[in-house]
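> Dumping the structure here so I can ask a few things about it.
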Amino acid sequence: MTEIVSEDLDLEKIAGSGQCFRMNRAEDGRWRLIAGDRLLYMSQPEDGRAVFACSEEEFEGFWKDYFDLSADYAAYRAAVDPADPFLTAAAEEGRGIRILRQDPWETLITFILSQRKNIPAIKACVEAVCARWGEPIEGSALNAFPAPERLAGAGEDDLKCCSLGYRVPYVRGAARMVSEGRVDLEALKKLDDEALLEALMTVPGVGPKVGNCVSLFAYHRVAAFPVDVWIGRMVEEHYGGRFPLERYEGFAGIMQQYIFYHALQTKKKPGPAR
């Protein structure tokens, strides 16, 4: 077991923030997170501790970076314009959310799947895909996220059975591009933000919104500011259609997450489509 104490880590808020889709409550009440082929159980008692059911070595070698625990999120919140009551409230409500450093392949496919779905529907779709094509995780009844080769060889009808709908050709096309080496997701890490987004948008089913989500949640380009239907509504309602990106240059994506999470809480719904 590994324990940390942080005022800026809230597992429940992260699980509900719409940036990853395999972090859910387990039957015993703990949080269960599957990242690629890694399985982690976590709990967070009310005393502020976060308890990770893993060795210190695994925590330091993987999960600490995954949860971006070296970054100072209090400094990001302190940069919010005090004359902006909406963002001030959103940042305070989102205290504890951190931008996860996720696997590019998994993030690419899950955000292609996310289009025009709410969060519970996205999670159900992702789990169906993993159950059918993912490799079993040792010591559990759960499956890892499937490798590109597995999805590249999946049949159209089989994918439709996982509620992919019109996204089927996008998933197959993306899987084939990655498995055949036409898109090297690891090599994209070397690109600047603009070139990265351009490269991602060569993948079927990836437009500006999905591309910016992958940039933010997989490549940790925290300057990226994905605009979906709900962010668009918030920006229109509170900023007259133009969010002041220049004030938050270099970390606007963190502000985006605060706004998105605030929208979820305000609307009191299961979760808008990403």
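Laboratory data are not the source of any read-out in this text; all were calculated from the coordinates shown. Every value quoted in this text rests on a predicted model; they were computed, and no experiment measured them. All Cβ positions, glycine included, derive from the backbone under ideal geometry; neighbour counts span all protein chains shown.
> Within the set of other residues whose C-beta is less than 15 Å from the C-beta of Gln44, count the net charge using Lys and Arg as +1 and Asp and Glu as -1.
Counting the neighbours of Gln44, the net charge comes to -1.
> Can I ask one more? Between the range 201-247 and the range 170-189, what is the C-alpha centre distance in whole Å?
Each part reduced to its Cα centre gives a spacing of 22 Å.
> Let me ask another. Given labels modelled 7 Å from the Cα in the Cβ direction, how far is it in nm from Glu246 to Glu156?
My value for the distance between the label points is 4.9 nm.
> Sticking with this structure for a sec: If you take every residue apart from Phe251 with its C-beta less than 14 Å away from the C-beta of Phe251, what net charge results, scoring Lys and Arg +1 and Asp and Glu -1?
-2
> Using θ = phi - 60° and the Karplus form 6.51 cos²θ - 1.76 cosθ + 1.60, what ³J(HN,Hα) does each residue of the range 245-259 get, whole Hz, x for Gly and Pro?
4, 5, 5, 10, 4, x, 8, 4, x, 5, 5, 4, 5, 4, 5
> A follow-up question, please. Sort 75-81, 113-119 for me by packing, meaning the mean count of neighbouring Cβ atoms within 10 Å per residue, highest on top.
Answer by packing, highest mean first, reads 113-119, 75-81.
> Lysine pairs in the chain with alpha-carbon atoms under 26 Å apart, 8 or more places apart or on different chains: how many are there?
Eligible lysine pairs with Cα atoms under 26 Å apart amount to 26.
> Where the only charges are on Cβ atoms (+1 Lys, Arg; -1 Asp, Glu), what is the dipole of the chain about its Cα centre, to the nearest 20 debye?
So the dipole magnitude of the chain works out to roughly 1140 debye.
> Can you sort Cys54, Cys162 by how many other beta carbons sit within 10 Å, fewest first?
By the 10 Å Cβ count, ascending, the order reads Cys54, Cys162.
> Which value in deg cm²/dmol, rounded to the nearest 500, describes the helix-derived mean residue ellipticity at 222 nm for the chain, given -39,500 (n - 2.57) per DSSP H run of n ≥ 4 and division by the residue count?
Calculated mean residue ellipticity at 222 nm is -11500 deg cm²/dmol.
> Determine ³J(HN,Hα), in whole Hz, for all residues of the range 18-30 in sequence, where each value follows from phi through the Karplus function 6.51 cos²θ - 1.76 cosθ + 1.60 and θ = phi - 60°; x replaces Gly and Pro.
These are the phi-based 3J(HN,Hα) values: x, 9, 9, 10, 10, 10, 9, 6, 8, 4, 8, x, 6 Hz.
> Okay, moving on. Would you please put 227-236, 89-98 in order of how densely packed they are, using the mean number of other Cβ atoms within 10 angstrom per residue and starting with the highest?
89-98, 227-236
> Something else about it: Given Cβ point charges of +1 (Lys, Arg) and -1 (Asp, Glu) and nothing else, what value in debye, to the nearest 20, does the dipole of the range 5-50 about its Cα centre take?
The dipole of the range 5-50 has a size of about 260 debye.
> Taking the Cβ of Pro204 as the centre, find all other residues whose Cβ is under 10 Å away and add up their charges (Lys, Arg: +1; Asp, Glu: -1).
+3
> So, one more: Take the alpha carbon gyration tensor of the range 86-203, find the square roots of its eigenvalues, order them as a ≥ b ≥ c, and report rounded if a/c is under 1.5; if not, report prolate when a/b exceeds b/c, else oblate.
oblate
> A further question follows. Peptides 61-67, 102-108: what's the order by average Cβ count within 10 Å, highest mean first?
Ranking, from highest mean packing down: 102-108, 61-67.
> Taking H as built 1.01 Å from N, whose amide H comes closer than 5 Å to the amide H of Ala224, not counting residues under 5 places away?
Residues meeting the criterion, in which the H sits 1.01 Å from N, are Gly253.
> What is the range 2-76's relative contact order, in percent, from Cα pairs under 8 angstrom and six or more apart in sequence?
30 percent
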